[in-house]
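One structure is given below, encoded as structure tokens.
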């Protein structure tokens, strides 16, 4: 399981958090991800299911999750050598995030 988190917990104020699931088509099938977010943006991403290779696709998903959390954006390029896994992961995260109006 791939999980990436950002930020720290604070005892002073707890932001309401939403947890949404999205899916995208990876190299070997569906990639499912949970995206935890609040009013400050994406707080963590958890890949809950995928069939892609752990050493190629899994590493790419982990790297992309860290980049998404750092930039608070899914506007990222696929990782070379794991293009389909990268695209499927980014699609899963985008599908989990509600469209902004």
Taking into account only those residues within the stretch 52-74 that are in a loop (DSSP other than H, G, I, E, B) and in contact with a helix residue (DSSP H, G or I) (Cβ under 9 Å, 6 or more places away or on another chain), which is surrounded by the most Cβ atoms within 10 Å (Cβ to Cβ)?
-> 52
Take residue 32 and decide whether it is at pLDDT 95 or above, out of contact with any helix residue (DSSP H, G or I) (no Cβ under 6 Å at 6 or more places or on another chain), more than 12 Å from residue 90 (Cβ to Cβ) and surrounded by 17 or more Cβ atoms within 10 Å (Cβ to Cβ).
-> yes
Check whether at least one residue in the stretch 74-84 is at pLDDT 95 or above and under 8 Å from the mean Cα position of the chain (by Cα), and report yes or no.
-> no
What about residue 91, is it surrounded by 15 or more Cβ atoms within 10 Å (Cβ to Cβ), touching a residue at least 24 places away in the same chain (Cβ under 8 Å) and touching a strand residue (DSSP E or B) at 6+ places or on another chain (Cβ under 9 Å)?
-> yes
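The values are calculated or read from the model by the stated rules, or taken from the named source; none is laboratory data. Every value quoted in this text rests on a predicted model; they were computed, and no experiment measured them. With ideal geometry, Cβ positions are generated from the backbone for all residues, glycine too; neighbour counts draw on all protein chains shown.
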